Amino acid sequence: MLPFSQNSHYKLSFLVLLLWVSHLVDSKSGFELDESLTYLWPLPTEFTSGNQTLTVDPTLSFSALGKGGNSKILIEGFERYKKIIFKHVSGISLFDKSRGIRSVYDISELRFIVNSDSEELQLGVDESYTLFVAKKDGKSIVGEATIECNKCTAFLRVNTLWRCTSLLANTVYGALRGLETFSQLCAFDYETKLVQIYKAPWYIKDKPRFAFRGLMLDTSRHYLPIDVIKQIIESMSYAKLNVLHWHIIDEESFPLEVPSYPKLWNGAYTKWERYTIEDASEIVSFAKMRGIHIMAEVDVPGHAESWGAGYPDLWPSSTCREPLDVSKDFTFDLISGILSDMRKIFPFELFHLGGDEVHTDCWTSTPHIKQWLNDQNMTAKDAYQYFILKAQEIAISENWTPVNWYLCIRTLRLLFNVLRMTSVNIKFSHQKIIFLIFSLHLKNLTILLCREETFNSFPSKLNPRTIVHNWLGPGVCPKAVAKGFRCIFSNQGAWYLDHLDVPWNEVYSAEPLEGINNVSEQNLVLGGEVCMWGETADTSDVQQTIWPRAAAAAERLWSKREAVSARNITLTILPRLHYFRCLLNRRGVQAAPVTNKYARQPPIVAGSCYEQ
């Protein structure tokens, strides 16, 4: 046997062993946070901090002043966050209890001052709050808090021992946002086994940049159980997102119960993959307790093949099944029945009518519809506009504000030839087909994209209350607001979460006001939403597809533009996003690593949550 010094195999093995041990040593050296950064997500509008460390009493009490102090939403919110904050603490430790030791804590009370007793949740509800966390030594003192309401200022003077945190808000929903921030200030120390607040005293005055901060969830391509939807809503509240756009129905399946037309949910995948009206109401109530709107969508006239499983007369023909038959009164009677039933469930003032990706070949090739078009002296484009306007009238009659995807007619010829040529056997959404065509450099295809003249023909006919939902690219909202329409930003190049190759920094950098310099036009941009299309996501992977990239958009929509426009976001934003992703993980949210090449991909090596 050769001595070690002469055996190359042993040398190599020893070198590998040294590298492995070195990795273990490095991995245990400890990760240190950059103390110059503020680990709150999304970043508050205004804040100051200090250099003290305060302890928080695990029996933290609740007190409330103002008209909204007795709100069930506020009381349940406090108890919910208390469980999050004190997950590792149940009171006095077993060792201290056995020795008769009673700890003294710096923060023993959380005081709420809520000005309004209204629990109405509509677009633009006041979500602002002021949070003050401090410790003052001494006996009873006078604490002064200021509440701004409308154009008046009210001063409340409370005699108390100052061991409390004050949270001021005009509404219970502002108080909920403040509770989330307070929970992020609290950190469990594993050595002392105490919940502590670092860098106190804190003074935070916060409000959202945009009123609409959404996440679209598609439950047609893959059914999601209501418990999964609730988990997603809960996780949205951690990032201060406030609108769940529920894309319930599409061409693949119709899972929702509609009492007026009970055969519609025959279009569900199976009888077990459905939502009753009680399920939908439960989701709306659950979301409201977290200050989150539910904006439902019924996409018409395209994306509706599943409707005909229960009512085949809605199809142009048995072989040509969408868009919905524009020539029949029954089509619009049924839409009216759906919206009437849904209005009893969904109180949010916005209702999404879809309206995109309408391919009118079925209308022009089906004899009875072709005859109707001739009788009405309509082209297929005219019929499309007729359908959109009639659907809007129905929604408005139910006291809804209609939201439509950026309205355009797009015909894609030779689609099936493309699918055949590429051996694609699954049904893509049409924007993905277009991307596929361009990526394959296929020639001799006639593709009519969303031409500007089509959009320009709509403003004179669309109801002025219409909200344009931009998905195509960054140039749509500037055109919409220039014509006086409100707009929601969802640039598919950055904010479509099913695009797994879009990295966090591109999500973070997408700006809803890009190309809009006029202040009055900027005010017409309600905000934006990230879209979780469901072709490749189900219960097994939906959360890690949403998070943490949705959080990047959430900060863009909440925090000041100046704060999210840092030059080097790798140094100033990425460490904070790592931290928030780990916070989500600690709270049971399956958020994927931040810096993976592809979203929702698991870690490729061992390492700290704070560095992946």
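The values are calculated or read from the model by the stated rules, or taken from the named source; none is laboratory data. What you are looking at is a predicted structure, and each value in this text was computed from that prediction instead of being measured. Every residue, glycine as well, gets a Cβ built from its backbone with ideal geometry; the counts of neighbours run over all protein chains shown. Areas reflect the complete protein model, heavy atoms only, side chains present, ligands, DNA and RNA absent. Shrake-Rupley method; radii C 1.70, N 1.55, O 1.52, S 1.80 Å.
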Seminar exercise, completed: On the accessible surface of segment 229-314, probed at 1.4 Å with all protein chains in place, carbon and sulfur together account for a percent value of 50 percent
For this session: Using the structure shown, select from Lys72/Lys597; Lys199/Lys240; Lys328/Lys479; Lys67/Lys560 the pairs with a Cα to Cα distance greater than 32 angstrom.
Result: Lys72/Lys597; Lys328/Lys479
For this session: Rounded to the nearest Å, what's the spacing between the alpha carbon centres of segment 534-612 and segment 165-185? Just the number, please.
Result: 23 Å
Problem set entry | Accessible area expressed per residue, segment 506-599, with surrounding protein chains retained (probe 1.4 Å, Å²) | 38 Å²
Exercise. What FRET efficiency, computed as 1/(1 + (r/R0)^6) with R0 = 22 Å and r the Cβ-Cβ distance, is obtained for Asp501 and Thr536, rounded to the nearest 0.05?
Worked result: 0.95
For this session: State the extension gain, in nm to one decimal, for the chain segment bounded by Tyr610 and Tyr598, taking 0.36 nm per residue of separation less the distance between their alpha-carbons.
Result: 2.5 nm
Exercise. How would you classify segment 316-409 from its alpha-carbon gyration tensor, with a ≥ b ≥ c the square roots of the eigenvalues: rounded for a/c under 1.5, else prolate if a/b is greater than b/c, otherwise oblate?
Worked result: prolate
Exercise. Pulled fully out, how much extra length does the chain show between Gln376 and Glu398, if you take 0.36 nm times their separation in residues and subtract their Cα-Cα distance?
Worked result: 5.2 nm
Exercise. Under a point spin-label approximation (7 Å from Cα along Cα-to-Cβ), what is the Tyr386-Glu282 distance to one decimal in nm?
Worked result: 4.3 nm
Exercise. So for the pair Glu349, Asn517, with labels modelled 7 Å out along Cα→Cβ, what separation do we get in nm?
Worked result: 3.2 nm
Problem set entry | Extension gain (nm, one decimal) between Leu571 and His88, 0.36 nm per residue minus Cα-Cα | 170.8 nm
Problem set entry | Separation in nanometres of the label points that stand 7 Å from Cα toward Cβ, at Asn70 and Asn51 | 4.7 nm
Problem set entry | For segment 341-396, accessible area per residue (1.4 Å probe, heavy atoms of protein chains only), Å² | 40 Å²
